[in-house]
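Quick one: the structure is below, questions incoming.
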Amino acid sequence: MEKFTRLTSIVAPLDRANVDTDQIIPKQFLKRIERTGFGEFAFFDWRYLEDGVPNPDFILNEDRYRNANILVGGRNFGSGSSREHAPWALMEMGYKSIIATSFADIFRNNCMQNGLLPVILSESEVDTIMARALRGSGYKVTVDLETQTVTDDQGLNASFEVDPFRKNSLLEGLDDVGITMSLGEVIDSFEEKRTARW
Amino acid sequence: MAKTMFEKIWEQHIVAEPEGQPALIYIDLHLVHEVTSPQAFEALRLTNRKVRRPDLTISTVDHNLPTDGTRNEVIKDPIARIQVDTLRKNCEESGVVLYDIDSEAQGIVHVIGPEQGYTQPGMTIVCGDSHTSTHGAFGSLAFGIGTSEVEHVLATQTLRQAKPKTMEVRFNGELNKGVTAKDMILAAIGTVGTAGWTGYVVEYTGDAIKKLDMAGRMTVCNMTIEGGARAGLIAPDDTTFDWMKGRKFVPKGDAFDAAVAEWRELATDEDAEYDELLEIDCDSLEPYVSWGTNPGQVAKVTDRVPSADDFENPADVSSAKHALEYMGLTGGTQIEDIAIDRVFIGSCTNARIEDLRSASQIVKGRTVASTVRAQIMPGSTLTKILAEKEGLDQIFKDAGFEWRESGCSMCLGMNPDILVPGERCASTSNRNFEGRQGKGGRTHLVSPAMAAAAAIAGHFVDVRYWETE
């Protein structure tokens, strides 16, 4: 997994509630057997017009957000389908962190597994970031996982919660499966007891 | 100490709970399908890891299959074909059983698990699919996971999970005729919204739940994820055990009796406490129809489509505005005045034999409206065979329905079954997201009876007043 430590970047705003994973990566692109190749299809129905030309009305197509590595979204971001293709697609689009007031559980887990940091802030903090990102161009924030803060140069200083285990995995870029496999004997003995009972 | 059903199952499955870490819980049953598994198997190969318990893992193909009678031929879409072939190869290499297209046991993964008797009370069940919550209808802790977690379960048969909070959702009173399990869950999600249960495991209780048959309970649990909870459970009882008895992988004879005795112990203790309670009065429920682009945007069939101004929260106003525009609806329109072009009876929510029976009663002796194309995709091949034995296929075909093959089909349109832009569909599935059934397609979520009646009438009708033969 990619490490996540500290990131300063332009913020791209997507001011919509309940952005579901069907929007993030539509079903016709789920047929690939690789983890890559999804980025160009992210937000497909919103992002492109009928003839495949980028939709000028879709905010993430605007030049001023092109190099953003941080996305700020509405509440319940990533709802719906469990498809991990959604964080894969967002990461290929360039995003490394998403800020919102809430995330759907499975999506949040999937992000954590890939080094895409989901950050939950209060409604007023998200509103502030959204408004500043929408206002001009070049608005940046710094997401710092070590200190669990989001800051900007206009006085924003927000803190967020993160599970200590997940935090460590993200900071170190650790492989979850590897950590669990080191507990092989514990699993063996649990299995022995359980198999005897069932 | 008194415990909830969730706590009992959770505690029985804790393998390790290291200080400061989420618990490592054991997984009893891992369901696999072609869409969310290839990258997980590939990761195992790259790291020289093996599937730890192929005997606790089962797979089927459901998302990509055509339903038009051509599934035994080569799948036309080359990318879909590779995905299905990849699952075949992965199962063969790892020793995981695959219910392929030629098997009677093939079907939507959440239909076949219970149907074959794999799904049992007290189990932990996962699948790379959010509608895994379906299996909670049997009193199992079942939830959807992503592909990295699929890899984790394949390699270790465990999963790292933070302990969720618990909520009791109590359905009081009695359902009126024509009001179904689908309406109960649509009403509940309409009340709490699509994120209302985030972070919780829901246990459904109350008289109306106890009276539901297993298909109805599966419908309720299936859509738990649409309220944001990953898992929803119902205490197993005689209805559960009667339904399970005799199924292929359910214990037989004395072993069954012993299992039932254990399963009865799972129910939440009388004095146990949940973190939250939501009560819903079933006497006042009507058939529901979704009008928007998430499953929380629903209305009673006798109501009108709301206007964006009817909402207070700015996010809700903006959501409603987008939804109405996408759906091509005007606030104030009577739900019954909405004309439809397509009907889809299918999906892991509502394509079981009981659902097909319910729809057939509405359809019997009638004809699909000339403006409507109506299709039925049974939840599994076995369901299809059973329905044909009962003559249900003939009732549907006589009325002008297309009787097709099993698979996820138009619930998400990964196969060729999709809506064209602007088409409006009465659907028994679970999600009305933009583009879910095809780009520009407009989905209205309803029960099988409501979908069947809409097919005949050409628009939504209140199925409570529908006369059946």
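Any idea which of B:THR60, B:THR36 is over 23 Å from B:LYS163 (Cβ atoms) and touching a Phe, Trp or Tyr at 6+ places or on another chain (Cβ under 6 Å)?
After ruling out the rest, the residue left standing is B:THR60.
On to the next question. Return yes or no: is B:LEU324 outside any loop (DSSP other than H, G, I, E, B), more than 21 Å from the chain's Cα centre (by Cα) and touching a residue at least 60 places away in the same chain (Cβ under 8 Å)?
No.
Please find, within region A:92-113, the residue that is nearest to B:ARG431 (Cα to Cα) out of those that are in contact (Cβ under 8 Å) with a residue 60 or more places away in the chain and under 9 Å from the mean Cα position of the chain (by Cα).
By that ranking, first place goes to A:PHE107.
Does A:VAL162 satisfy being touching a strand residue (DSSP E or B) at 6+ places or on another chain (Cβ under 6 Å) and either basic (Lys, Arg) or surrounded by 12 or more Cβ atoms within 10 Å (Cβ to Cβ) (or both)?
It is false that A:VAL162 is touching a strand residue (DSSP E or B) at 6+ places or on another chain (Cβ under 6 Å) and either basic (Lys, Arg) or surrounded by 12 or more Cβ atoms within 10 Å (Cβ to Cβ) (or both).
Shifting gears a bit: Within region B:64-75, can one find any residue that is in contact with a helix residue (DSSP H, G or I) (Cβ under 8 Å, 6 or more places away or on another chain), within 12 Å of chain A (Cβ to nearest Cβ) and more than 19 Å from B:ASP129 (Cα to Cα)?
There is at least one residue in region B:64-75 that is in contact with a helix residue (DSSP H, G or I) (Cβ under 8 Å, 6 or more places away or on another chain), within 12 Å of chain A (Cβ to nearest Cβ) and more than 19 Å from B:ASP129 (Cα to Cα).
In addition: For region B:281-321, what are the residues that are under 18 Å from B:ILE338 (Cβ atoms), more than 14 Å from chain A (Cβ to nearest Cβ) and among the polar types (S, T, N, Q)?
Across region B:281-321, the qualifying residues are B:THR302, B:SER307.
Right, here's the next one. Got a sec? Which strands (runs of 3 or more DSSP E) wholly within region B:373-463 have at least 2 residues that are in contact with an Asp or Glu (Cβ under 9 Å, 6 or more places away or on another chain) and more than 25 Å from B:SER319 (Cβ to Cβ)?
B:373-376
Then there's this: With the checklist (1) crowded, with 16+ Cβ neighbours inside 10 Å; (2) more than 9 Å from every other protein chain (Cβ to nearest Cβ); (3) of a type in the set (Ser, Thr, Tyr) in hand, flag the one item B:THR86 doesn't pass.
Exception for B:THR86: condition (2).
Just checking, which of A:LYS167, A:LYS140 is among the basic types (Lys, Arg), more than 29 Å from B:THR36 (Cα to Cα) and either surrounded by fewer than 20 Cβ atoms within 10 Å (Cβ to Cβ) or in contact (Cβ under 8 Å) with a residue 40 or more places away in the chain (or both)?
A:LYS140
Are any residues in region B:366-380 more than 15 Å from B:GLU423 (Cα to Cα) and surrounded by 24 or more Cβ atoms within 10 Å (Cβ to Cβ), and if so, which ones?
B:ILE376, B:MET377, B:PRO378, B:GLY379, B:SER380
Just to check your reading of the model, which residue among B:MET218, B:MET123, B:MET214 is within 13 Å of chain A (Cβ to nearest Cβ) and at pLDDT 95 or above?
B:MET123
Further question on the same structure: Among helices (runs of 4 or more DSSP H) lying entirely in region A:99-198, which contain 2 or more residues that are closer than 30 Å to B:GLN120 by Cα and within 14 Å of chain B (Cβ to nearest Cβ)?
A:105-112, A:176-181, A:184-197
Which one is farthest from the other protein chains (Cβ to nearest Cβ), of the residues in region A:8-36 that are in contact with a Lys or Arg (Cβ under 8 Å, 6 or more places away or on another chain) and part of a loop (DSSP other than H, G, I, E, B)?
Per the stated criteria, the residue is A:ILE25.
Could you list all residues from region B:107-122 that are part of a loop (DSSP other than H, G, I, E, B) and buried (at least 24 other Cβ atoms within 10 Å of the Cβ)?
B:ILE108, B:THR119, B:GLN120, B:PRO121
What is the number of the single condition among (1) under 30 Å from A:ASP63 (Cα atoms); (2) in contact with a strand residue (DSSP E or B) (Cβ under 8 Å, 6 or more places away or on another chain) that A:ARG83 does not meet?
(2)
Which of the following residues is crowded, with 17+ Cβ neighbours inside 10 Å, at the interface with chain A (Cβ under 8 Å from one of its Cβ atoms) and closer than 30 Å to B:GLN83 by Cα: B:THR36, B:THR57, B:THR47?
B:THR36
Inside region B:1-33, can you point out the residues that are small (Gly, Ala, Ser) and either farther than 22 Å from A:ILE187 by Cβ or within 8 Å of chain A (Cβ to nearest Cβ) (or both)?
Within region B:1-33, B:ALA2, B:ALA16, B:GLY20 meet the criteria.
If we scan region A:17-26, do we find a residue that is over 29 Å from B:GLU151 (Cβ atoms) and of a type outside the set (A, V, I, L, M)?
Checked against the condition, which is being over 29 Å from B:GLU151 (Cβ atoms) and of a type outside the set (A, V, I, L, M), region A:17-26 yields no hits at all.
The values are calculated or read from the model by the stated rules, or taken from the named source; none is laboratory data. Since the structure is predicted, the reported quantities are computational estimates derived from the model, not experimental observations. Counting neighbours? That spans all protein chains shown, and the Cβs are built from the backbone with ideal geometry, glycine included.
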